[in-house]
Amino acid sequence: MPPLVEAFFDQTTSTVTYVVHAGEGSACAVIDPVLDYDPKSGRTSTVSAQRVVDFVRQHGLRVEWLLETHAHADHLSAAPFLKQTLGGRTAIGENIRAVQRIFKGIFNLGVEVQPDGTQFDHLFAADETFAIGSLTARALHVPGHTAADLAYQIGDAVFVGDTLFMPDVGSARCDFPGGDARTLYHSVRKLLALPAHTRLFMCHDYPPEGRDLRFECTVAEQKRNSIHVGDGVSKREFIDMREKRDATLGLPELILPAVQVNICAGHLPDPEDNQIAYIKIPLDTI
Ligand SMILES: [Fe+2]
């Protein structure tokens, strides 16, 4: 039986969180959960993540995995809240260590943040297979947006993270530290080599004017219609397009708090001696 997929769209960051399961009372995985964060006040909240909790409880699901496709730059992860509330093991790609090394330096993080991935319960090697109850899953290494991106293949569904967007939006940017357009091209072609009917689930949707929100399509649709990387677009054309376009993009609003927290598996910094936790802002660096 193909896995069942429930999507939760976060309007503020355009992020889609997924719960993947095999029916009432089964095991499940949560992919890319969002912690609400207001950058003006510095307040976090779990309103969005609570929708996931409610769904899991309503359907008697058992959370086995809290999966991150990568260290996101646009939202903070709610994995620690979900782990505490529902259980499950946090996981990300093993190359997160390279991402941690880069950002530990940029944020000048202390000994409490080691770039060894131990903040997560599990680090996936490329193409590692794992179980979600009766479902078989595989962690596909798809770097390019960052050095550590994974896509999760679960039955006929693939959660592509930040590689492809919907065909009329294109592909993810490659200009963050450790990103590379040539590498993303190869990752995307790897995804598009999957069977034509494979269901692809995007991590984000930024619908063009006049189009309703949509975050699922097939490999065949991407190959036919992707404006960035469909069949007929050469590697050279993709790299030129991607690099030119990335040079025009502003940074995501939450990149500094998000990356700082997400390289630590979503754990917020420890409170200081006044019991208040702080996010660091590196000046004139990014
Ligand atoms: Fe991202």
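So here's what we get for this one:
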{"quantity": "Region 193-286: chymotrypsin sites (Phe, Trp or Tyr not before Pro) falling in loop per DSSP and having at most 15 other Cβ within 10 Å", "calculated": "Y278"}
{"quantity": "Solvent exposure ordering (accessible area, 1.4 Å, most first) of T248, T163, T218", "calculated": "T248, T218, T163"}
{"quantity": "Global geometry of region 114-203, whether rounded, prolate or oblate, following the gyration tensor of its Cα atoms and the 1.5 cut on a/c", "calculated": "oblate"}
{"quantity": "Neighbourhood charge, 13 Å Cβ-Cβ cut-off, centred on H141 and excluding it, Lys, Arg +1 and Asp, Glu -1", "calculated": "-2"}
{"quantity": "Accessible heavy-atom area order of R182, R199, R242, highest first, probe of 1.4 Å", "calculated": "R182, R199, R242"}
{"quantity": "Average Cα contact separation per residue, the chain, under 8 Å, 6 or more apart, as relative contact order %", "calculated": "17 percent"}
{"quantity": "Sorted largest first, extent of the chain alpha carbons per principal axis (Å)", "calculated": "58, 49, 38"}
{"quantity": "Hz values of 3J(HN,Hα) by residue in region 4-17 - Karplus curve (6.51, -1.76, 1.60), Gly and Pro given as x", "calculated": "8, 10, 10, 10, 10, 9, 9, 4, 5, 10, 6, 9, 10, 9"}
{"quantity": "For region 24-94: rounded, prolate or oblate by the Cα gyration tensor [a/c cutoff 1.5]", "calculated": "oblate"}
{"quantity": "Cα-centre dipole for region 144-286 with unit charges at Cβ (Lys and Arg positive, Asp and Glu negative), debye to 20", "calculated": "700 debye"}
{"quantity": "Accessible area per residue, Å², region 134-286 with all protein chains present, probe 1.4 Å", "calculated": "46 Å²"}
{"quantity": "When each of K190/K244; K104/K223; K235/K280; K83/K223 is checked by Cα-Cα distance, pairs over 30 Å", "calculated": "K104/K223; K235/K280; K83/K223"}
{"quantity": "Local electrostatic count, D74, Cβ distance below 11 Å [Lys/Arg +1, Asp/Glu -1]", "calculated": "-3"}
{"quantity": "Most to least accessible of E6, E243, E209, E221 (protein chains only, probe 1.4 Å)", "calculated": "E209, E243, E6, E221"}
{"quantity": "Cα centroid separation, region 231-249 to region 41-89 (Å)", "calculated": "34 Å"}
{"quantity": "Karplus-derived 3J(HN,Hα), 6.51/-1.76/1.60, for each residue of region 54-67, Hz, glycine and proline x", "calculated": "4, 4, 4, 5, 4, 9, x, 7, 10, 6, 9, 9, 10, 9"}
{"quantity": "Mean Cα-pair separation over length for region 143-210, i.e. relative contact order, pairs under 8 Å, 6 or more apart, %", "calculated": "42 percent"}
{"quantity": "Cα pair distances exceeding 26 angstrom across region 44-176, given as percent", "calculated": "27 percent"}
{"quantity": "Proximal charge balance of D127 [Cβ under 13 Å; K/R count +1, D/E count -1]", "calculated": "0"}
{"quantity": "The chain, dipole about Cα centre (Lys/Arg Cβ +1, Asp/Glu Cβ -1), debye to the nearest 20", "calculated": "500 debye"}
{"quantity": "Carbon + sulfur, % of accessible area of the chain - ligands and nucleic acids excluded, 1.4 Å", "calculated": "51 percent"}
{"quantity": "5 angstrom amide H check on V63, placed H, neighbours 5+ away", "calculated": "C28"}
{"quantity": "Contact order relative to length of region 6-98, as percent, for alpha carbon pairs under 8 angstrom and 6 or more apart", "calculated": "27 percent"}
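The values are calculated or read from the model by the stated rules, or taken from the named source; none is laboratory data. Computed from a predicted model, the values in this text were never measured in an experiment. Cβ atoms come from the backbone with ideal geometry, glycine included; neighbour counts cover every protein chain shown. When the accessible area is computed, the model is the full protein with side chains, heavy atoms only, and any ligands, DNA or RNA have been set aside. Shrake-Rupley method; radii C 1.70, N 1.55, O 1.52, S 1.80 Å.
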